[in-house]
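Below: one structure, written as structure tokens.
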Amino acid sequence: MGEAVLVFPAGMPDGLAFLDRAKAMGLRVIGASSLDGDPAEGGYDEWEHLPYVSDPEFDRSLAEVLARHDVTAVHTPHYVVWKHLSERLGEIAPGARLSVGQSQLDNERAYQALRDRVSAARPPAFWSAVPPKPRLSDIERAGLVRLVDTIPGMCGEEKMHAVMEVMRHAPQGDIVEIGSWCGRSATLFLLLSHRFGLGKLLCVDPWAAEALPQGDDLLDRASADCDCDEALRMFEVNLAPFAQGRLNYARARSDDFALEYGPGLTVDTEAFGKTDYEGHIAVLHIDGNHTEGQARRDCDLWAPHVAPGGWIIFDDYVWGFGDGPKVVADAFVAANAGRIASRFQAGAALFVQLKRGG
């Protein structure tokens, strides 16, 4: 029947999130609650009622439930329950274990560590072509990092801090992202564009299986398992709470949609409604297909729309599966040396700012 894990209290948000992860791993998940008529019951494979942890009968009832379902692990999102089981589970059900999870103390330590990392992080130094807006506080930066870290994707903290810095040195205009997938970096761009009073965010991604192959066998075999429709739904879920008319997307190849981009553009989707764009770009994030040919088309077709003083971010300038983005970025820098005000690398991305006058 497969390894069984008990979640208690099963209806708490972290319990439901654990349920999704455990099912994806093929585990048999038993839910338990002390509430009568807990609405979470329908999502679990099996269900049990347990007394409150403060009830003298709790330990005995838990032992019976664990034995009845042959449970080998218990996951609890409730700190008091976790504290009790961390001291007593070995006696209640020898051989059962607490699953790896987060207690309140774990959360406190994680938040402290995040604040310490953010306070120690130093923004990239560069000569900017655009006067800066006020810098984000450490608390704002920590909040953005924590929020973005809840979304699947590859945008690391060093790149996040660099994006926070360049966007306060950006001119007015649209924020355009080529390649968004689940919306990790898009969330960062959206929140920062609002914070600094820049333009609206346009995400261009085909979310299509035929656009995934990038020329590396290992990477392409892994990508073949991805559900592109579900990735788009994840993007919509992740961005919907923050959109407020400042975001939309085009499910299209970037080189096709580039022909439509310009002043007067309106994008209309069921998820986000209608969004009007300025038709010139303050920040261009190139993170689509990384083959040299596609990366070059993305650069050639979209970079001309970048406003004076605007930024181009070549993601995965350093990439473990090829050098397409680096070849394209280096060629752009060489061909446009006289137009470039600043450039620097943060994480795996190359950041390039155009001069204000060119």
Q. From the set of residues in segment 55-70 that are under 17 Å from residue 31 (Cβ atoms) and not in a helix (DSSP H, G or I), which is least open to solvent (accessible area, probe 1.4 Å)?
A. 69
(Q) Just to verify a result, which residue in segment 9-54, among those that are in a loop (DSSP other than H, G, I, E, B), hydrophobic (A, V, I, L, M, F, W, C) and modelled with pLDDT under 95, is nearest to residue 75 (Cα to Cα)? (A) 10
Q: Go through (1) more than 24 Å from the chain's Cα centre (by Cα); (2) in a strand (DSSP E or B) and name the single condition residue 332 misses.
A: (2)
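Do the conditions hold for residue 95, that is, is it part of a loop (DSSP other than H, G, I, E, B), touching a strand residue (DSSP E or B) at 6+ places or on another chain (Cβ under 9 Å) and not polar (S, T, N, Q)?
In short, yes.
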Q | Those residues of segment 9-27 which are in contact (Cβ under 8 Å) with a residue 40 or more places away in the chain, closer than 20 Å to residue 68 by Cβ and open to solvent by 10 Å² or more (accessible area, probe 1.4 Å), in sequence order | A | 9
Q. Which members of segment 175-188 meet the condition of being touching a strand residue (DSSP E or B) at 6+ places or on another chain (Cβ under 7 Å) and either surrounded by fewer than 24 Cβ atoms within 10 Å (Cβ to Cβ) or of a type in the set (A, V, I, L, M) (or both)?
A. 175, 176, 178, 186
Q. Failed condition for residue 172, given (1) in a helix (DSSP H, G or I); (2) among the polar types (S, T, N, Q); (3) open to solvent by 40 Å² or more (accessible area, probe 1.4 Å), with all others met?
A. (1)
Q. Does segment 97-133 hold any residues that are at pLDDT 90 or above, in contact with a Phe, Trp or Tyr (Cβ under 6 Å, 6 or more places away or on another chain) and not basic (Lys, Arg), and which are they?
A. 124, 126
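Got a number for residues in segment 127-143 being open to solvent by less than 20 Å² (accessible area, probe 1.4 Å) and either within 19 Å of the chain's Cα centre (by Cα) or of a type in the set (Asp, Glu) (or both)?
Final tally of qualifying residues: 1.
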Q: Can you give me the ranges of the helices (runs of 4 or more DSSP H) entirely in segment 211-274 with at least 1 residues that are within 19 Å of the chain's Cα centre (by Cα)?
A: 217-223, 228-239
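The values are calculated or read from the model by the stated rules, or taken from the named source; none is laboratory data. Note that the structure is predicted; figures quoted are calculated from it, not measured. Please note: Cβ atoms are built from the backbone with ideal geometry, for glycine as well, and neighbour counts cover all protein chains shown. These area figures cover heavy atoms from the full protein model, side chains too; ligands, DNA and RNA do not enter into them. Shrake-Rupley method; radii C 1.70, N 1.55, O 1.52, S 1.80 Å.
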